[in-house]
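One structure is given here, and the rest of the page talks about it.
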Amino acid sequence: MIELGKTEAPLKHAWRQSVCIGRAAEILRASVQEQLRYAQREIGYRRIRFHASFHDELGVVGAEKDGRIYFRWGLLDQVYDVLVELGFEPIVELNPMPSAIASGDQAFFGYKMNVTPPREWKLWEELCGAVARHFVERYGLQRVRNWLFEVWNEPNLNRHFWTGTEEEYYQLYASAARGIKGVDRQLRVGGPASAGTEMALPFVRWCRKEGVPLDFVSTHNYPMNEYGKWPRREGSPHPPGMAMVEEFRACREALDAEGFGHLPNVVTEWNTLHCDEEGRAKWVGCKDCSRLFSAAAALHYAVAIDPYVEVFSYWTLNDSMEEAGVTAEPFGPRNQYYGLMTIDGLPKAAFHAFKYLGRMEGPRWNWVPEDKPALAGSLITDECVTTRALLWNFHEPLSCSQEWKGFLPIPIKDELIQNGKVLVITVLLSRGGGSVYETWEAMGGPVTLTRIEREALAAAAQPRHYLHWLEVREGIAKLPFVLQRDEVLFAEVCPPRIGSALGKEICDAALDVLNRALQYPGAVVF
């Protein structure tokens, strides 16, 4: 039941504070730029985060024969100009190590990202200071003060993303912080950008002990991690679907307990990856981010983790990233396919879920439905002029399916009622109706698409809309709903039909004169 007059605080919408792209060079592509524009039109993110601003492919750092280094900003400027034009405040991930100043040649990912320490710490400090100074010169100090400078990516994954020791990462961070703060003390720098949250507390303790500036703490996490530790979740101490939620909550509580409550908790990578069909962690070729499942999972985590983080950046916006090689087919087993959009720019189910979650502004009504599946969730918000609702029937991947049906009680303001009724429009995300992956799978999983197949996928990528005229009794309209496994329903109350063209007398004579005047010469006028 809903108790009229009792509402909860609005969501922070930490998920909307940032989204990710694979790496900087991808942003130079026209297709990726159009996908960024589409995301800003439909959702509107504040920040964006990506790898490899210092990669050799952008030519940022060069070296003279005598070892002196120099900087070239041309391609990097093209990347960041696009982002600033689109309204993003970048999270500048400071990596990889440019060959000109690297201590080795060990690289990771298909695009060869150098993961070694610098050959001299002063060169790394000089680079970080130079890029911060250049950004200030190009985009202005006040704008760049709103950006975040994040030092490296997952340095605790030793030998993969960082070949140095943990102590050398601390030195890497301190050198970067000195370089950035040397430009302006109010520029914001943070880390450790760790895989998992275990490194966060030791890192912030070290910064406090050594007097190293730290403006935010950043970590990564994925539901997949639970299946890596406990295949099929056997032996997991966490309830189904709650491992990542409990880890972020514990991280926030630990930081607060040790006097770090002022530090924003910035999550710069997460997504809906869980496991393969056997319940095992599978980073390449897992279809969780592409199928309908991802929509309900995204809503579950974005809402549950909202109290514990300030930024919750989804990895990634699109499928163009090439960590495991070049992505070409719509979907497939040879790459990650983590995106909210396909490589062709079609929105996946989770894209729509975030779009409608972004409309859930204002105080929340407290509704506790009976007989719902364990992980199903709901939001009902009151944004001054209208009421909206969002339902999702999320299931942990290894669980049995359970239908969720009932009546959604929607509080209705008196001014929205017309003849005792109210118009509610609903949007259903389902397989083949807002979730394009299942339609592609039904086609047989083609690597290349014919024109008609592309049209069919474009149609399947759009959700279905329905109209409902509901009776209002005692300030409540009851919307009947049936949600199958992982389906999502969005509902919005519409205003009364003021100014409708239907049922009004129209100046027929004037329109007749106009119609006659617009006829082609020689046309027969009846």
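The values are calculated or read from the model by the stated rules, or taken from the named source; none is laboratory data. Everything numeric in this text was worked out from a predicted model, so none of it was measured. As a convention, Cβ positions derive from the backbone with ideal geometry for all residues, glycine included, and neighbour counts pool all protein chains shown.
Side notes on the structure shown:
- Out of ILE101, ILE48, sole residue that is under 19 Å from GLU126 (Cα atoms) and touching a Pro at 6+ places or on another chain (Cβ under 9 Å): ILE101
- Failed item in (1) farther than 25 Å from ALA376 by Cβ; (2) part of a helix (DSSP H, G or I), with HIS300 passing the rest: (1)
- Members of region 49-75 found to be assigned to a loop (DSSP other than H, G, I, E, B), surrounded by fewer than 20 Cβ atoms within 10 Å (Cβ to Cβ) and touching a residue at least 60 places away in the same chain (Cβ under 8 Å), listed by number: TRP73
- Qualifying residue in region 324-344 (condition: within 27 Å of LYS12 (Cβ to Cβ), out of contact with any strand residue (DSSP E or B) (no Cβ under 8 Å at 6 or more places or on another chain) and not assigned by TED's automatic domain parsing to the domain that holds PRO463): yes
- Being outside any strand (DSSP E or B), β-branched (Val, Ile, Thr) and surrounded by fewer than 21 Cβ atoms within 10 Å (Cβ to Cβ) holds for only one residue in VAL447, VAL427, and it is VAL447.
- Hey, GLU403 in contact with a strand residue (DSSP E or B) (Cβ under 9 Å, 6 or more places away or on another chain), closer than 25 Å to LYS282 by Cα and surrounded by fewer than 19 Cβ atoms within 10 Å (Cβ to Cβ) or not: no
- Candidate set from region 338-358 (those that are in a helix (DSSP H, G or I) and among the small types (Gly, Ala, Ser)); member that is nearest to THR387 (Cα to Cα): ALA353
- Restricted to region 254-298, and to residues there that are free of Cβ contacts under 8 Å to residues at least 24 places away in the same chain and acidic (Asp, Glu), the residue that is nearest to LEU94 (Cα to Cα) is ASP256.
- Among the residues of region 251-304, just one is in contact with a Lys or Arg (Cβ under 7 Å, 6 or more places away or on another chain), farther than 19 Å from ALA324 by Cα and modelled with pLDDT under 95, namely GLY279.
- Some residue of region 301-310 being under 30 Å from CYS207 (Cβ atoms) and either touching an Asp or Glu at 6+ places or on another chain (Cβ under 6 Å) or assigned by TED's automatic domain parsing to the domain that holds ALA389 (or both): no
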